[in-house]
Amino acid sequence: MAFKLRSRTSIFLHDLVMIPLAWLGAYWLRFNLQTIPDFYFYPALEFLPLVIVIQVSLFCFFGLYRGVWRFSSMPDLIRIGKAVLTGMFLIATSLFLYNRLIGVPRSVMPLYVLTLLAFLCIPRFLYRVWKERAFVERIGQRALIIGAGSAGEMLARDLLSNRQSGYIPVIFVDDNPRKFNREIRGIRVAGNIEQLPTLIKQWDVEVVLIAVPSANDTQMRRIVEICENCNIAFQTLPSVKELLSGAVTKANLRNVSIEDILGRDPVKLDWQAIKANLTDKIILVTGGGGSIGSELCKQLARVQPRKLIIFDQCEFNLYKIDNDLSRLYPFLNHVAVLGDIADHLSVAKLIASHQPEIIFHAAAYKHVPLLEDQIREAVHNNLIGTKILAEAAIAAEVKRFVLISTDKAVNPTNVMGATKRAAEILCQNLDKSAATRFTTVRFGNVLDSAGSVVPLFRDQIKAGGPITVTHPEITRYFMTIPEACQLIMQAETVGKGGEVFVLDMGQPVKITYLAEQMIRLSGKEPGKDIEINFVGLRPGEKLFEELFHDDEKLLDTGYEKLRLAKARLYDSEDWAKQIAELAVACGQADQDHILMLLQRLVPEFKSA
């Protein structure tokens, strides 16, 4: 086997040689670098084997050879210090018991400690410096690291110690002025983020690495825009919640995604209250194979329900979530049921068979332009289906019922929004007279949900464009799917019945801006590589979405991102008659009559 400088054997031999050098060196220093008198020199040689045995034993006892020289750090220095100081104590004690320290000057012991510490620590330090700094001339891209915090330091350390990293960190930038001109791992903090264009040219930077996992969406958007204006490649570390292992390495780096820009704010949840409310419960999720429903099932699996029932009318979606849950949560008691919420028999059988205690109702048709010409199907599924499910829940004495609604239910201009608003009113009315507790949760668009704009733009970019945007000024609210689902669970925990909870969606985003960012993140230039075409508003589409009605006063719930819209009251009896008439009209498939009745149910509905 070839001898290696960094092997444990070579390290042991190094330390073994350092012991006699330190012991005799202490005598030499004691006598001012002059010849050691025979009276002291011969006892020093006589006691040397004892010193070596004691010191080597302590080196092994304190674990000096568990570490790696290349990564020597403070814990290694502490182990060396303990071994050397303990060695001095045992050596002095042994020699005192042997001959009262005759022939051993008293100053030799502290000099021995200092000399041996230097002989053991300095080579380790120099070796590490050499290994980390010897790669300056290696092949790799000159990298600027944004963020001089702990994540940036760990990333720089990994890049410096890894010859194959492909990156050479040359400078840091950070917005904290107290860090300016400081050095981290020998790399200077050269300025703030606004100085990025100047620093990139000054230091010949080839790539920017964003190491700010705590950045919110606004901060991330600013960083990305500056990088894009510099026409330089950039990558980022995941958010804090994704860095669960605590290790920051090159492997964590990835391209910036649209979710980093629009949905980075972490949600602070009361997980203790959520678990207390949902653990060991039988929970039903309708529409459990959809974008929201499937993620909600995964989040619910974390709180360990007694049984999770997934109900969906799409066979493939149901199969997929059932397979995902079996793989991710093998001990979860769950069952996948194929069926339609607007089918009385299917719903009655479902609830009688599984007797759920909590229902999350996510099943709905949601594609706005498509439903404008499918009024009967929209009403039948979104409203009549909700009515059938809610009445079955009341009859079975289900404890809690959560309706998942949409911002399109506020001042609706389309059939989909009107049906969801009618479903909200239905649940509020039923809550007044039923033992079942009805709660509504309303939020805007979720990033990357099926049929939403993000996957559409992604496909259009992949095809070479153009990207189609309905209007230059159109805006939407966005939230990540996991965040929306977590807030749904929080709202269910907080709700007492009859409320309409509104999720704080942050600031609305222009769809044009979203399209431009997605084009840039794909490495292309808007208007040059990928065109953006404006095709006009689609049927039922609004320029600006709203999260609450003017008559709904928003109240604080004590939870971040969770607001309570003070519900508007309706005459329950009159409204029940109208919805019964609408159900009859759905059975007759009279589109015009259905539309007229829907407008009567939801007076603020202004159909395009």
* Structure fact -> The lone condition residue 208 fails out of (1) among the β-branched types (Val, Ile, Thr); (2) in contact (Cβ under 8 Å) with a residue 40 or more places away in the chain; (3) surrounded by fewer than 19 Cβ atoms within 10 Å (Cβ to Cβ) is (3)
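Quick one: which residue in 342, 363 is touching a Ser or Thr at 6+ places or on another chain (Cβ under 6 Å) and closer than 12 Å to residue 286 by Cα?
Answer to the check: 363.
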* If we keep just the residues of the stretch 33-64 that are aromatic (Phe, Trp, Tyr) and open to solvent by 20 Å² or more (accessible area, probe 1.4 Å), which is farthest from the chain's Cα centre (by Cα)? -> 39
* Filter the stretch 568-592 for residues that are of a type outside the set (Phe, Trp, Tyr), surrounded by 13 or more Cβ atoms within 10 Å (Cβ to Cβ) and outside any helix (DSSP H, G or I) and give the result. => 568, 590
* Asked: Which residues, taken from the stretch 386-423, are part of a strand (DSSP E or B) and over 29 Å from residue 475 (Cα atoms)?
  -> 400, 401
* Taking interchain pairs and intrachain pairs at least six residues apart, which have beta carbon atoms under 7 angstrom, with the first residue in the stretch 576-592 and farther than 19 Å from residue 390 by Cα and the second aliphatic (A, V, I, L, M) and at pLDDT 85 or above? -> 585/594; 585/597; 591/375
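Scan the stretch 95-102 and tell me whether some residue there is over 41 Å from the mean Cα position of the chain (by Cα) and either closer than 15 Å to residue 57 by Cβ or touching a residue at least 12 places away in the same chain (Cβ under 8 Å) (or both).
Looking through the stretch 95-102, at least one residue is over 41 Å from the mean Cα position of the chain (by Cα) and either closer than 15 Å to residue 57 by Cβ or touching a residue at least 12 places away in the same chain (Cβ under 8 Å) (or both).
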* Among the candidates 109, 88, which residue alone is at pLDDT 85 or above, of a type in the set (A, V, I, L, M), open to solvent by less than 40 Å² (accessible area, probe 1.4 Å) and outside any loop (DSSP other than H, G, I, E, B)? -> 109
* Quick one: residue 288 ticks every box in (1) open to solvent by less than 10 Å² (accessible area, probe 1.4 Å); (2) within 22 Å of residue 383 (Cα to Cα); (3) not in a loop (DSSP other than H, G, I, E, B); (4) not polar (S, T, N, Q) except a single one, so which number is it? => (3)
* Structure fact -> Exactly one of 311, 316, 331 is buried (at least 17 other Cβ atoms within 10 Å of the Cβ) and among the hydrophobic types (A, V, I, L, M, F, W, C), and that residue is 311
* To do: Mind listing whichever residues of the stretch 509-536 are modelled with pLDDT of 75 or more, in a loop (DSSP other than H, G, I, E, B) and not acidic (Asp, Glu)?
  => 527, 528, 535, 536
* Structure fact -> Filter the stretch 334-383 for residues that are assigned to a helix (DSSP H, G or I) and among the hydroxyl-bearing types (Ser, Thr, Tyr); the one that is most open to solvent (accessible area, probe 1.4 Å) is 353
* Breaking point among (1) out of contact with any helix residue (DSSP H, G or I) (no Cβ under 9 Å at 6 or more places or on another chain); (2) modelled with pLDDT of 80 or more, for residue 550 -> (2)
* Asked: Restricting attention to the stretch 306-325, does a residue exist that is modelled with pLDDT under 90, out of contact with any Cys (no Cβ under 9 Å at 6 or more places or on another chain) and more than 22 Å from residue 398 (Cα to Cα)?
  -> no
* Determine, yes or no, whether residue 296 is open to solvent by less than 20 Å² (accessible area, probe 1.4 Å), closer than 21 Å to residue 364 by Cβ and assigned to a strand (DSSP E or B). => no
* Asked: What do you reckon, is residue 448 modelled with pLDDT under 80 and more than 25 Å from residue 381 (Cα to Cα)?
  -> no
* If you go through the stretch 271-285 one residue at a time, how many are open to solvent by less than 10 Å² (accessible area, probe 1.4 Å) and part of a helix (DSSP H, G or I)? -> 2
* Asked: Can you tell me which residues in the stretch 144-201 are touching a residue at least 40 places away in the same chain (Cβ under 8 Å), closer than 23 Å to residue 231 by Cβ and part of a strand (DSSP E or B)?
  -> 144, 145, 146, 167, 169
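Out of 171, 187, which single residue is over 21 Å from residue 519 (Cα atoms) and modelled with pLDDT of 85 or more?
171
The values are calculated or read from the model by the stated rules, or taken from the named source; none is laboratory data. Since the model is a prediction, treat every value here as computed from it, not as a measurement. With ideal geometry, Cβ positions are generated from the backbone for all residues, glycine too; neighbour counts draw on all protein chains shown. Just so you know, the surface numbers come from the protein's heavy atoms only, side chains and all, with ligands and any DNA or RNA stripped out. Shrake-Rupley method; radii C 1.70, N 1.55, O 1.52, S 1.80 Å.
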